[in-house]
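The values are calculated or read from the model by the stated rules, or taken from the named source; none is laboratory data. Note that the structure is predicted; figures quoted are calculated from it, not measured. Glycine gets a Cβ as well: all are built from the backbone with ideal geometry, and neighbour counts include every protein chain shown.
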Amino acid sequence: MNVDPARELRAAPSRARFARLLGMHVVEREWRASGEQVAGVWLGRLPEGWFVFHDVPIGERGATIEQVVIGPGGVFTITTKSLAGSIRVNPRSIVHDGHRTSLLAKASSEARRAGSVLSGAVGREVEVRGLLAILADEWIVRQLPTDVYVGGPRIVKHWMLQQPPVLRSSDVIVVAAAASRPGTWTARPDGEGPLASVSLLPTRASTRFPPAP
């Protein structure tokens with residue numbers, strides 16, 4: 001049976017949409033820093049034709065991708081951090097107060113993993129770009145990495161929306177529909193199906209996956 005991706009997205013439950021109409025914002029997990037809470041706010045205000053998926057569970061070890069964004073400019077995974085002190089951005093590392101972090105490697109890894117998962121789901125290659133949005137007291141940028149775009153949240157959002165169109169509207173719908181299916185992200189490597197059932201809270205512009213139990 002052929003499935004219409006656009007109809008599939010429209011027909012999905014929409015509790016998050018009702019929350020927005022009531023002036024509410026779906027609360028991030030309590031352990032998240034304020035910078036990560038901010039991400040859910042500014043990512044929820046994207047132009048028509050963009051889709052946001054929050055707290056996407058991937059694999060069987062409880063890992064999540066904070067945000068997956070799909071629109072005409074491409075497909076992006078976003079990691080947001082709020083860090084006190086200074087950060088230094090190098091081509092291959094992010095240094096926080098003199099200590100090298102794993103932020104860049106994690107953002108790059110998540111983008112590759114999301115690209116592999118979505119490519120398998122839609123049956124053709126889906127390129128995913130990693131974005132790293134950081135709130136920090138002081139920035140020192142030696143050179144930006146080539147595979148992950150790094151900046152403050154507003155700068156990251158502006159950069160993402162300014163990317164030249166690489167996906168037709170029909171392609172955006174197909175990829176977003178695949179991203180909205182729980183089994184896309186939690187399928188076993190051997191293809192035997194989803195590891196666990198996941199309830200979605202999709203809307204036209206924003207979809208949130210619930211926290212893992």
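Confirm whether Ser119 is of a type in the set (S, T, N, Q), closer than 20 Å to Ser180 by Cβ and either in contact (Cβ under 8 Å) with a residue 60 or more places away in the chain or surrounded by fewer than 20 Cβ atoms within 10 Å (Cβ to Cβ) (or both). Taking the combined requirement at face value, the residue satisfies it.
Of all the numbered requirements in (1) assigned to a helix (DSSP H, G or I); (2) under 30 Å from Thr186 (Cβ atoms), Ile94 misses one, and that requirement is (1).
Does the stretch 66-87 contain any residue that is in contact with a His (Cβ under 9 Å, 6 or more places away or on another chain), surrounded by 15 or more Cβ atoms within 10 Å (Cβ to Cβ), of a type in the set (S, T, N, Q) and within 16 Å of Leu131 (Cβ to Cβ)? Yes: one or more hits.
Ala121 meets each of the listed conditions (1) closer than 15 Å to Leu46 by Cβ; (2) not in a strand (DSSP E or B) apart from (1). For Gly49, the criteria (1) assigned to a loop (DSSP other than H, G, I, E, B); (2) at pLDDT below 90 hold in every case but one, which is (2). With respect to (1) of a type outside the set (Asp, Glu); (2) without any contact (Cβ under 8 Å) to a residue 12 or more places away in the chain; (3) part of a strand (DSSP E or B), the lone exception for Ser82 is condition (2). Within the stretch 153-172, residues that are in contact (Cβ under 8 Å) with a residue 12 or more places away in the chain and under 14 Å from Glu48 (Cα atoms) have Cβ atoms under 8 Å from residues that are of a type outside the set (Val, Ile, Thr) and exposed (fewer than 11 other Cβ atoms within 10 Å of the Cβ) in these pairs: Leu161/Pro47, counting only partners at least 6 apart in sequence or on another chain. With Val150, Val126, Val166, Val172 as the choices, which residue is assigned to a helix (DSSP H, G or I) and either under 16 Å from the mean Cα position of the chain (by Cα) or more than 17 Å from Lys106 (Cβ to Cβ) (or both)? Unique residue meeting the criteria: Val172.
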